[in-house]
Amino acid sequence: MHDDAPYGRSGSSRFMTKKCPECYTYLPLHTTKCPSCQTKLGDVDKLGFASRTFDWAGYLIAIVSILGFVVFMWWGFFRD
Ligand SMILES: [Zn+2]
């Protein structure tokens, strides 16, 4: 498995830049965060756009806060 080599011939290395999918700014390939809109960026895709990295921490925080709210509401209404 050498597909993730930085300059491998996997088809994604022909771009010199990648485009931010949020604000369409051209960025160097190694950039991991858009300086304009703060979007986290992954590797360049076939179209020259940077892929978005999945923000697990953000998702977890959102899920936990929603669950906390639901439990709080349930607890508040059905406790006694
Ligand atoms: Zn951006």
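The values are calculated or read from the model by the stated rules, or taken from the named source; none is laboratory data. These figures come from a predicted structure and were not determined experimentally. Virtual Cβ from ideal backbone geometry, glycine too; neighbours counted across all protein chains shown.
Restricting attention to strands (runs of 3 or more DSSP E) lying wholly within the stretch 1-58, give those where 1 or more residues are away from the ligand (no atom under 15 Å from the Cβ) and at pLDDT 95 or above. Give the derivation first.
Numbers: elements: 17-19, 26-28, 41-44, 50-52.
By residue number, no strands (runs of 3 or more DSSP E) qualify.
Across the stretch 36-56, what is the total count of residues that are exposed (fewer than 11 other Cβ atoms within 10 Å of the Cβ) and over 11 Å from the mean Cα position of the chain (by Cα)?
2
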